[in-house]
Amino acid sequence: MTSSSSDSRFSMKRFSGLKYTLVFLKPYRLAIAGALASLIFTAGITLSLGQGIKLLIDNGFSSQTPEMLNQAVAVFCVLIILLAAGTFIRFYAVSWLGERVVTDIRKRVFNHVVDLHPGFFEVNLASEIQSRLTTDTTLLQSVVGSSVSIALRSTLMFIGAGIWLVITNPKLSAIVMVSVPLVVLPIIFFGRRVRRLSRKSQDKVANVGAYVSQTLSGIKTVQAFNHQAQDKDCFGEHAESAFNVAKIRIALRAWLITVVIVLVMGAVAVMFWVGGHDVMAGNITGGELAAFVFYAIIMGSSVGHISEVIGELQRAAGAMERIVELLNSENLISEPVEEVATSQPNFDVVETALEFKDVLFSYPTRPDVNVINNLSLKVRLGETLALVGPSGAGKSTLFDLALRFFDVDEGVVELAGIPVRHLDPLDLRDCFALVPQQPMLFHDTIANNINYGAMSYSIDAVMEAAKAAYAHDFISEFPDGYDTILGDGGSGLSGGQKQRIAIARAILKKPKVLLLDEATSALDAESEHVVQKALESLMGNCTTIVIAHRLATVKNAHRIAVISDGKLKALGAHAELINSSDLYARLAELQFNHPGLEQA
């Protein structure tokens, strides 16, 4: 099993919400222990400040002696220094932990998603996945690196302050304790509603991002059809929808904080009234009352902080649930079990490079439509086989099945005599190179785009591949040559230039089987001529399967397979098919006698 695939799978029971975060926290027990120790230390120091205040008032101010005051102030200053040092350690440890855990989550999610079968992305928008990787994980970072720490510290302060309240004055403590249930109940009541709204809010924000991505990626089409006004209105609806959900969530959190403040501070006011009378009656000292007030405020503020943090935790729970959905997404293209797993195929001992045997296939999104219908086809080692036929006949689907982007419903696909299900997907795809009609170029240097299939070849090998693809001359004309950074999707290059870089990429990979998906159909005559020369140098060294609408580009292929309605209608050389296949003869008649209809 490869490391990438093992990293992307979880052999564990399914978790939900923030519980799942514990899985990522587990490796950092030492950091967590350090953060908890510093948190407990700072909480203890903060609570000790109450006794410092009592000491200042009763032994410092009341004693009227400078020595006692100096001593009390010195103790208070020591506590402050210890608090500052402990706070530094706690903040650094907790913030580091938040960043580390979120980085691990992002890596785990990306490693899992990038291995998922292509069919997954037919029903899940890439922009929404991006939102989960960025927006949702950023929210988690805030919670793990801040909110959880605040919640734990506030809980410790609440418990510690409660204990000191009882020690300082049991009678006044009863007033505070009565208010605690009154505060906890609204936290529970509002918290559940905030969590549901938080999940809904994250989904709405993801929809906003998805619409932005869709619009900007097709900005030329948007502006060519003057669709800006409609897009502005539609985006406004998405944005307002997200705002309306957020508005309700914010209102609930605001009500929660308001109710908590009224209840807590109301209890403090009653405590002041009772305590003030006790001081005047001589039942307690001013220092004791001051210390009690300090602990009561600590207790009240802790409850307030907890009520605020609960809202953040609920939002994080909703975000984590969305992330868990991705991590629990099943990859339908899996590695073979050990009992049937086969090593990388050996092309030196076979005559057939690729074979489809009685293949039946329908896409998961259209299970009732058979795209491939009981098709059987052999591709001989070293030959060039062309696939022709009307659009929607299933030609590109055969490429998907050969690369095992999807598994067949019935039948079998074999590479060098080995069923593709018995091969590791990485070993299988290592035997292929794909040159599509619209090549995918990345925001990187030209050299790295050519070297994309391996990332291990020297610049000399890259240049040799570019020369074989007739790309070296135009690359050398750029000021930075092979170090030129391409724009998104190769923007700034012509169609022919993009295609030649894609061909150089395929040449460098030295594939056993080359897949050409209408590699020249979108080019002008001059570009097509150059690209065709590049393809000839590539095709001469490997088995090639070509999808083409222009029969002129493939009539010299060793064999031509005529595909229609997912079935193999005819197979043979160009001259044979002209006489034996009505469909091929009709396509040839349209193209050779009526060139303007060659894309029909």
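Neighbour counts of C-beta atoms inside 10 Å place 164, 273 in the sequence 273, 164, starting with the fewest.
Between 0 and 90 degrees, rounded to the nearest ten: what's the tilt of helix 582-593 against the longest Cα principal axis of the chain? For 582-593 against the chain, the angle is about 90 degrees.
When the Cα gyration tensor is reduced to axis lengths a ≥ b ≥ c, the ratio a/c is 1.5 or higher for the chain, and with a/b above b/c it is classed as prolate.
Averaging the sequence gap over all C-alpha pairs within less than 8 Å and six or more residues apart, then dividing by the number of residues, gives the chain a relative contact order of 14 percent.
Using R0 = 35 Å, the C-beta based FRET efficiency linking residue 85 and residue 134 works out to 0.50.
First check a/c for the range 98-174, with a ≥ b ≥ c the square roots of the eigenvalues of its C-alpha gyration tensor; if it is under 1.5, answer rounded, and if not, answer prolate when a/b is larger than b/c or oblate otherwise. Prolate.
Backbone amide hydrogens, once placed in the peptide plane, bring residue 444 within less than 5 Å of 486, excluding anything fewer than 5 places away on its chain. For the range 461-524, a/c is not less than 1.5, where a ≥ b ≥ c are the root eigenvalues of the C-alpha gyration tensor, and a/b does not top b/c. That puts it in the oblate class. When each of 542, 234 is scored by the number of other beta-carbon atoms lying within 10 Å, the sequence from fewest to most is 234, 542.
Between 0 and 90 degrees, the angle of helix 170-217 with respect to the longest Cα principal axis of the chain falls at about 20 degrees.
The modelled label-to-label distance for the pair residue 460/residue 92, using points 7 Å beyond Cα in the direction of Cβ, is 4.9 nm. Checking the cross-link pairs 357/533; 200/247; 395/569; 378/569; 509/555; 378/467 against a 22 Å limit on the alpha carbon distance flags 357/533; 509/555; 378/467 as lying beyond it.
Applying a DSSP loop filter and a limit of 12 other Cβ atoms within 10 Å to the GluC sites (Glu not before Pro) in the range 404-488 leaves 477. Look at where the Cα atoms of the range 273-291 and of the range 65-135 average out, and the two centres are 42 Å apart. Think of each Lys and Arg Cβ as +1 and each Asp and Glu Cβ as -1; about the Cα centre, that makes the dipole of the range 279-370 roughly 780 debye.
The angle separating the long axis of helix 228-280 from the principal Cα axis of greatest extent in the chain is about 20 degrees. Taking the Cα centre of the chain as reference, the dipole from Cβ charges on Lys and Arg (+1) and Asp and Glu (-1) amounts to some 2100 debye.
When 321, 536 are sorted by how many other C-beta atoms sit within 10 angstrom of their C-beta, beginning with the fewest, the order is 536, 321.
With 0.36 nm allotted per residue and the present C-alpha distance subtracted, the residue 565-residue 443 stretch has 40.1 nm of extension available. DSSP finds beta bridges in the chain, and of those with both partners inside it, around 55 percent are antiparallel.
Readers should treat all values here as calculations from the given coordinates under stated rules, not as data from a laboratory. What you are looking at is a predicted structure, and each value in this text was computed from that prediction instead of being measured. Cβ coordinates were reconstructed from backbone atoms using ideal geometry, including for glycine residues, and neighbour counts include every protein chain displayed.
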